[in-house]
1. Return the only residue of PHE59, PHE77 being within 12 Å of the chain's Cα centre (by Cα), within 24 Å of ALA115 (Cβ to Cβ) and in contact (Cβ under 8 Å) with a residue 24 or more places away in the chain.
2. Would you mind finding the one in SER117, SER101 that is within 27 Å of PRO17 (Cβ to Cβ), at pLDDT 85 or above and either among the acidic types (Asp, Glu) or surrounded by fewer than 12 Cβ atoms within 10 Å (Cβ to Cβ) (or both)?
3. Suppose we filter LYS18, LYS8 for residues that are touching a residue at least 40 places away in the same chain (Cβ under 8 Å) and either farther than 16 Å from SER97 by Cα or crowded, with 16+ Cβ neighbours inside 10 Å (or both); which single one remains?
4. Is the range 82-91 home to any residue that is within 16 Å of the chain's Cα centre (by Cα), farther than 19 Å from ALA122 by Cβ and among the hydrophobic types (A, V, I, L, M, F, W, C)?
5. Could we say that ASN35 is touching a helix residue (DSSP H, G or I) at 6+ places or on another chain (Cβ under 9 Å), surrounded by fewer than 21 Cβ atoms within 10 Å (Cβ to Cβ) and at pLDDT 90 or above here?
6. Taking the range 40-82, which residues are of a type in the set (A, V, I, L, M), modelled with pLDDT under 90 and in contact with a helix residue (DSSP H, G or I) (Cβ under 7 Å, 6 or more places away or on another chain)?
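The values are calculated or read from the model by the stated rules, or taken from the named source; none is laboratory data. Just so we're clear, the structure is a prediction, and the values are computed from it rather than from any experiment. Note that each Cβ is placed from the backbone with ideal geometry, even for glycine, and that neighbours are counted across all protein chains shown.
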Amino acid sequence: MLNLPKGKICDISIKSPKNALLHYDDMLLLSIEQNAIFVSTDALLPFMEQKDGVYQWDFSRVLGKRPREFGGKSYCFGDAADCVIPDTDKTGPAAISLPNSKIAPISVAIQGKIAVSMNLTAMGDNDDSDCSHTQLVVKVTFKYIP
């Protein structure tokens, strides 16, 4: 859960420590509420609806489906230039920064709430190492107007 500041959120930064390493199998998605923040492969995007330009995560829409490619291009909300996600079955850092110009739809969606869920979801292709990920420790920083 993320405890939200009172006021209008202008910027969200989600960063792992520089020396932190993340490993997952086969696909990974980070969401705040149902708003997709990053997705390890754009093969999942056709299974998601958009609301105000933000992909909405709903596991029931991918359950039983088989994305064509696990190694597709990663997707970060707002095409964030400062976005790092390791490829599937590779070890590496994960970080994203959502600037003021991009965060507005998510800010509006969570406005007025005191806490929201932040979820890291792993999905797989039905082999023995599926749906697994190592721990991801992140620091979430909000800039806001009280």
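1. Working: PHE59 fails: within 12 Å of the chain's Cα centre (by Cα).
When all the criteria are applied, what remains is PHE77.
2. On the way: SER101 fails: at pLDDT 85 or above.
Just one listed residue meets the conditions, SER117.
3. Numbers: LYS18 fails: either farther than 16 Å from SER97 by Cα or crowded, with 16+ Cβ neighbours inside 10 Å (or both).
Every option except LYS8 fails the conditions.
4. To start, the set of residues in the range 82-91 that are within 16 Å of the chain's Cα centre (by Cα) comprises 82-88.
Filter again for farther than 19 Å from ALA122 by Cβ, leaving 82.
If we keep only those that are among the hydrophobic types (A, V, I, L, M, F, W, C) too, we end up with none.
Checking the range 82-91: not a single residue is within 16 Å of the chain's Cα centre (by Cα), farther than 19 Å from ALA122 by Cβ and among the hydrophobic types (A, V, I, L, M, F, W, C).
5. Numbers: touching a helix residue (DSSP H, G or I) at 6+ places or on another chain (Cβ under 9 Å): yes; surrounded by fewer than 21 Cβ atoms within 10 Å (Cβ to Cβ): yes; at pLDDT 90 or above: yes.
Yes: the conditions hold for ASN35.
6. Once the filter is applied, which keeps residues that are of a type in the set (A, V, I, L, M), modelled with pLDDT under 90 and in contact with a helix residue (DSSP H, G or I) (Cβ under 7 Å, 6 or more places away or on another chain), the range 40-82 yields VAL62, ALA80.
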